[in-house]
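The values are calculated or read from the model by the stated rules, or taken from the named source; none is laboratory data. The structure presented is a predicted model; accordingly, all values stated were derived computationally and were not measured. All Cβ positions, glycine included, derive from the backbone under ideal geometry; neighbour counts span all protein chains shown.
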Amino acid sequence: MAAADGLCRRVRATRLRAAAGELPGAITSLTHIVRTRPGTESRQALASTYRTAHDIALKFGYPDLAAVAEVARDLARQIGGEAGEVHRLSFGQTDIDLHALGARVRMKQWDEGLEQARAIHLPLTTLMSRRARYLVDRAVVEMETGHAAASLRHLVSARSLAPEQTRNLPGARDAVNGLIPAGDCAGNRTHVSMAVCGSRTP
């Protein structure tokens, strides 16, 4: 059960590769516990671990794998009840605003998305993973509305905060691909790529 909580903490701290590496062992171990010594706590931990697998798959850009993890999570949850005690997720106004911004990006409502992104003020308690996602979404709407410098600034901030997550978010790749043609020279293309996808910040 501690393993499920540890995985949640790693995802929140954007240590995605470390969490992904621990997932197979954690799922195998918890599945064995659920089958041999069934109980509410072990089932909740298994559901939480599948929720973590879902989150990681989405962050790495594998929606099909995320869908499989979601089905497994729902099955574990039905057997063992809600996994809320293990996978604690606060869902308040900030989360609603962030999801609404993400929806604007997916629907390509750039002007509305930009207005919404600029109106969001993240509390200091916002998880790093959510803060990085916001910065990437903001970079996309800034880029799509012609604000290349602001877009690059937000991408660099996202990468500084959560390098693994930023490199693997489709929105970050979309913004980089949009910013590179806006560059005047090869040097600027290199600057954009290194700032967001490279091994170091500029």
Residue that is aliphatic (A, V, I, L, M) and without any contact (Cβ under 8 Å) to a residue 40 or more places away in the chain, where the choices are L114, L127, L152: L114
Unique residue being part of a helix (DSSP H, G or I) and under 20 Å from R12 (Cα atoms) when the list is R104, R118, R131: R131
Residue list for region 159-174, restricted to those being buried (at least 24 other Cβ atoms within 10 Å of the Cβ), in a helix (DSSP H, G or I) and under 11 Å from the mean Cα position of the chain (by Cα): T166
Residue in region 59-66 that is touching a Pro at 6+ places or on another chain (Cβ under 7 Å) and at pLDDT 75 or above present: yes
